[in-house]
Amino acid sequence: MTRRPGRTLRPGTIRRSPVIIIIHMKLLKHLSVLSVVGGFAVTAHATAFFQAALWAPEPQLVPTTESVAGIRLELYGENKNVSGLEIGLFNVTTGNFVGVTGIIIIPSIFNKVEGTTTGIQFGLLNVTKGEVLAWQAGWINIYESKATGLQMGFVNWGGEGVKADFTGLQIGLINTANNAKGVQIGFINYAETLQGLQIGLWNEVNSREWDSFKPLPKVFPFINVGF
């Protein structure tokens, strides 16, 4: 039998054994896993579970540009998005808030949400620029977009020029809304349009005329209704 000559390698070429190829594949696999874990780490860092703050922006544990999903304790704190339990004197959320702010026995002094508010707010002054779906209890509740739920306070105010709509129940000395759907109970109740009931000393539906009954005039004491 004649022996076949061995294959001659070209200059500059390297023969890779199956073992080396398997090692390379494992390295690529580990690198891909590390990249995924690193991505989760960055995401976890951007949303912290616990925040403690004395006076924003410093000193506080989580920077003002990051979000908190868990517990926020502070004298004055500020974060992007917040979800969970928030207990503090001055609380500012530049994004959206979901959860509970304050407790009945320890209400906040000032709660401000520049996005939407969903949940419960206990504070002396509650201000939300976005939509509200919540129970708000405080001295003054100001909502600058649409609000749905329960408001209890000395003043429940539908934003600058009373342009915000309200659906639900308002209880206070002064209650205002643009389009009110539900019930307003207070000394002074104001709505541009009304689909529901007003109970108080001064009940005004501003879109009506003074001398027309549709079904009641523009201002009517004790009770006013709208359909």
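The values are calculated or read from the model by the stated rules, or taken from the named source; none is laboratory data. All of these numbers come straight from a predicted model, not from anything done at the bench. For neighbour counting, all protein chains shown are included, and Cβ atoms are generated from backbone atoms with ideal geometry for every residue, glycine included.
Quick check: is even one residue across the range 140-156 more than 24 Å from VAL100 (Cβ to Cβ), assigned to a strand (DSSP E or B), at pLDDT 95 or above and of a type in the set (Gly, Ala, Ser)? Walk me through it before giving the result.
Within the range 140-156, the first condition is being more than 24 Å from VAL100 (Cβ to Cβ), and the residues that meet it are none.
Checking the range 140-156: not a single residue is more than 24 Å from VAL100 (Cβ to Cβ), assigned to a strand (DSSP E or B), at pLDDT 95 or above and of a type in the set (Gly, Ala, Ser).
Tell me whether the range 146-156 contains one or more residues that are among the aromatic types (Phe, Trp, Tyr) and either surrounded by fewer than 19 Cβ atoms within 10 Å (Cβ to Cβ) or on the phi > 0 side of the Ramachandran plot (or both). Working first, answer last.
In the first step, residues of the range 146-156 are kept if they are among the aromatic types (Phe, Trp, Tyr); the result is 154.
Restricting the remaining residues to those that are either surrounded by fewer than 19 Cβ atoms within 10 Å (Cβ to Cβ) or on the phi > 0 side of the Ramachandran plot (or both) gives 154.
Yes: the range 146-156 contains one or more residues that are among the aromatic types (Phe, Trp, Tyr) and either surrounded by fewer than 19 Cβ atoms within 10 Å (Cβ to Cβ) or on the phi > 0 side of the Ramachandran plot (or both).
Do we find that ILE174 is part of a strand (DSSP E or B) and over 30 Å from LEU54 (Cα atoms) in this structure?
yes
Which pairs do you get when a residue that is under 18 Å from GLY123 (Cβ atoms), found in the range 63-77, comes within reach of a residue that is hydroxyl-bearing (Ser, Thr, Tyr) and part of a strand (DSSP E or B), reach meaning Cβ atoms under 8 angstrom, with the pair 6+ apart or on two chains?
VAL68/THR47; VAL68/SER83
Pick out the one residue from ILE106, ILE142, ILE171 that is among the β-branched types (Val, Ile, Thr), surrounded by fewer than 19 Cβ atoms within 10 Å (Cβ to Cβ) and under 25 Å from LEU75 (Cβ atoms).
Details: ILE142 fails: surrounded by fewer than 19 Cβ atoms within 10 Å (Cβ to Cβ); ILE171 fails: under 25 Å from LEU75 (Cβ atoms).
Criteria check complete, one pass: ILE106.
Going through GLY95, GLY84 one at a time, which residue ends up being of a type in the set (Gly, Ala, Ser), at pLDDT 95 or above, assigned to a loop (DSSP other than H, G, I, E, B) and surrounded by fewer than 19 Cβ atoms within 10 Å (Cβ to Cβ)?
Working: GLY84 fails: assigned to a loop (DSSP other than H, G, I, E, B).
None of the other options fit; the residue is GLY95.
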